[in-house]
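Below: one structure, written as structure tokens.
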Amino acid sequence: MTSVIYTAPDQCRRCYSCVRRCPAKAIRVHDGQAEVIEDRCVACGRCVAACPSRAKRIVDNLPRAMELIAEGAVVMVAPSFPAAFPQWQPGQVLAALRSVGFAGVYEVAFGAELLSRAYRRRFDEQPRRLTIATACPAAVGYIQKHAPTVVPFLAPLLSPMAVMGKVIKERLRPGVPVVFAGPCTAKIKEREDPSVAPWVDAVITFPELKALLAERRIDPATLASDEFNPPHSRTGGVFPVPGGLVHTAGLPSDLLESLVFTTIGLEGFIDTVEALTRRLARGALPELQARFFDVLYCQGCTGGPLVENSETLLRRKERVLDFIRRRPGLPSDATWSRSLDELGDLELGRGFRSEGRVEPTPSEEEVRQILSRTGKLRPEDELNCRACGYRSCREKAIAVFRGLAEIDMCLPYLVSRLEAMVDKLNRSHEELTTVHDQLLRAERMASMGQLAAGIAHEVNNPLGTVLIYAHLLLEDVEGSEQLRADAEMIVREANRCKSIVGGLLDFARQNKVDRRPVDVAELLTAAVALGAAQARDSNPGVAFVLDVAPGLPTAALDRDQLLQVLLNLLRNAIDVMPGGGTVTIGARHLADAGELSLTVADTGPGIPAEHMNKLFSPFFTTKPVGRGTGLGLPICYGIVKMHRGTITASNRTDGPGARFEVRVPVDAPAAEAGVATLLS
Ligand code: SF4
Ligand code: SF4
Ligand code: SF4
């Protein structure tokens, strides 16, 4: 069998509209494409109307129809046609069909009337026998594929289309090719059934008919109205509206008697089929009052997916009824009865078989496991929002189990996954920005260190000479107080220069890191003792708190250099609190990172935002002239870098003050090649 409905390759945009609209759950999402599952599809065409990207398409029937026209085919038209072409008079549509080249134009409504007689006969002969009408191929297909236990109750009769085809081919024009034109894609599939195929050679849809007229440049509006070829119908034209079959067959429609039940719309149809299935399972059929079910898949054929008419269903129905009442070719009772009688011996029977498949059913554990993959761990996580196209999360989980749906079809799950990804991206962006800033600073510091080292080396030697000669001068100036004072001034200032040069060399340090096992708690205690001794003279209002976590490991550090770092930080902390305050010096082992965290926090005014980026630059200082060289923090930076560590400054979040944190590896990094430098 050919696929009546298919998905154009790579056109699906994954909106799941078709999945939501398909009552047969005949659409499988596979590799991001919503594919039609032939075995489940009833060719109702609802997915075609629902697809916003025109990915769902109907097989092209026109080429075959045109071949048949060339062979002298006739066309038979579905009775809904006055509703499908509201822009033209019904008679103009019939004239246009002749202009296209069809050798005859017949009405399916006559076949419907012939068929109605068969229904009536069946009802009269066995009024208590449960019968489901089989005029609607989508309804029949749904029952065959999705309600197999109901199949034995399908009326074993041909559809109006097949009956009319048989009338034409067996009696009116034997051997002529017959094309059916109608509003229904399910008719295309029905035609392929072996019991129908001999009577109908091709099916075209009303939109295809319109396209054919356009291609042949035929404008029905310019044509004089025409009539169908006989035999003409009287009331069979009401078949496309709900209840049309019951009316035409003259079945009892007394509501209180309730022997006949007519379904309205798709929901009503499915509700009825499910009710019958449940009753059959319970063995409760005999209790049913209704014995005849007039079922239509759509809201009648005038509401079919291929009726391109924006008018209300009421107006469409009026158009069909107006045509029946006002057509010029309405036959007399006698002519009509004679036509039907002449064809009364035609065999209109056919059989139906179940095409249902046994679907695998997941265990409760398997359903739970699938639900958990989209974060549905508790009943309240199951939103049942239907965005995936399934009525509940559970139904969708079962579809996943059966290979019909994909996990990613759950919209709330996708949204939360996207949110998590955006969060992650934001976090990595922040981390990248931080690393980028650190790299820029490291680069700046490295070039500064290079410059500082160069200058210090160049200045160091002449400075040594100045100092030697200044000391010699001091020895030679006995007797002149003025000269002695001048020489002492030279020595003092030269020593100051020497200490600045020493600081620059420390900052750009190219010395070896002499790592040895260091007791960190002891190191901090020593630093605090030295810091406290300094503060005793310069700032007695400063208190020191030692906050060392228990169980610190022994670390491989250059003790003297780390002590210098701590003392520089302590000195700064003391200096920023001239009126006194508290300095807390702490140590923690960051086991996961394999690092030691040493912190020095004060209760001073904190660091202004505009200073944050300059703190570690050589010669940047906020201290008064003569009180600081601006080399203390750069030296700390140089030492920490040589330990393959980091030093950061921030303002405290638990109160006023600044906080410096030094992080160094507990063990010497394997990659450390003996000498590490700021410039490396
Ligand atoms: S034609 Fe109908 S049954 Fe087939 S996939 Fe589309 S909506 Fe589902
Ligand atoms: S309606 Fe179906 S075929 Fe069309 S884009 Fe949406 S998911 Fe794809
Ligand atoms: S929460 Fe997800 S699985 Fe559940 S119905 Fe909505 S889209 Fe479908």
Q.
Can you show me the helix-derived [θ] at 222 nm for the chain, built from DSSP H runs with n ≥ 4 at -39,500 (n - 2.57) apiece and divided by the number of residues, rounded to the nearest 500.
A. -14000 deg cm²/dmol
Q.
Please report the net charge: other residues with Cβ closer than 12 Å to the Cβ of Arg234, K and R +1, D and E -1.
A. -1
Q: Mind checking which aspartates and glutamates have their Cα closer than 19 Å to the Cα of Lys623? Skip sequence neighbours fewer than 8 apart in that chain.
A: Asp537, Asp575, Asp602, Glu610
**Q.** In degrees, nearest ten, helix 137-146 long axis to first principal axis of the chain (Cα)
**A.** 60
Q: Pull out the extension gain between Ala543 and Thr361, defined as 0.36 nm times the separation in residues minus the alpha carbon to alpha carbon distance; nm, one decimal.
A: 58.1 nm
Q.
Output needed: percent of Cα pairs per 20 Å distance bin for the chain, bins running from 0 to the one holding the longest distance.
A. 14, 29, 14, 11, 18, 11, 3, 0
**Q.** Placed amide H near Ile204: partners under 5 Å, 5+ positions off or other chain
**A.** Phe180, Ala181, Gly182
Q) Which of the listed residues, Pro360, Pro379, Val307, is farthest toward the dipole's positive end in the stretch 306-387, when Lys, Arg count +1 and Asp, Glu count -1 at the beta-carbon? A) Val307
Q) For the stretch 258-343, rounded, prolate or oblate, judged on the Cα gyration tensor with a ≥ b ≥ c (square roots of eigenvalues), a/c < 1.5 rounded, else prolate if a/b > b/c? A) oblate
Q. In debye to the nearest 20, how big a dipole does the chain give about its Cα centre with +1 on each Lys and Arg Cβ and -1 on each Asp and Glu Cβ?
A. 2640
Q. Roughly how tilted is helix 108-125, in degrees to the nearest 10 and between 0 and 90, from the longest Cα axis of the chain?
A. 80
Q | Debye, to nearest 20: dipole size of the stretch 573-630, +1 on Lys, Arg Cβ, -1 on Asp, Glu Cβ | A | 220
(Q) Need the C-alpha centroid separation for the stretch 537-577 versus the stretch 24-80, integer Å. (A) 82
Q) How large is Rg over Rh for the stretch 464-600, taking Rg from the Cα atoms and Rh as the Kirkwood inverse mean of 1/r across Cα pairs? A) 1.14
Q) Which angle between 0 and 90 degrees, to the nearest 10, do you get for helix 313-326 versus the longest principal axis of the chain when only C-alpha atoms count? A) 20
Q. Which trypsin sites (Lys or Arg not before Pro) from the stretch 11-56 combine a DSSP loop assignment with at most 15 other Cβ atoms within 10 Å?
A. Arg13, Arg14, Arg54
Q. Among the trypsin sites (Lys or Arg not before Pro) within the stretch 215-276, which fall in a DSSP loop and have no more than 11 other Cβ atoms within 10 Å of their own Cβ?
A. Arg217
(Q) Where in the chain is the longest stretch that carries no chymotrypsin sites (Phe, Trp or Tyr not before Pro) classed as loop by DSSP and with at most 16 other Cβ atoms within 10 Å? (A) 1-618
Q: Could you run the Karplus curve 6.51 cos²θ - 1.76 cosθ + 1.60 with θ = phi - 60° over the stretch 459-466 and give me ³J(HN,Hα) per residue in whole Hz, x for Gly and Pro?
A: 7, 4, 5, x, 5, x, 4, 4
Q. Around Val513, which amide H atoms from residues at least 5 apart in sequence, or from another chain, sit under 5 Å from its own amide H, with H modelled in the peptide plane?
A. Ala676
Q | For the stretch 96-231, the Rg and Dmax computed from alpha carbons only, in angstrom | A | 16.9, 54
Q: Could you tell me which of the pairs Lys56/Lys424; Lys210/Lys396; Lys187/Lys376; Lys25/Lys166; Lys145/Lys166; Lys25/Lys317 are separated by over 32 angstrom between their Cα atoms in the structure shown?
A: Lys56/Lys424; Lys210/Lys396; Lys187/Lys376; Lys25/Lys166
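No value in this document is a laboratory result; all are computed from the given coordinates. Since we're looking at a predicted model, the values are computed, not measured. Glycine gets a Cβ as well: all are built from the backbone with ideal geometry, and neighbour counts include every protein chain shown.
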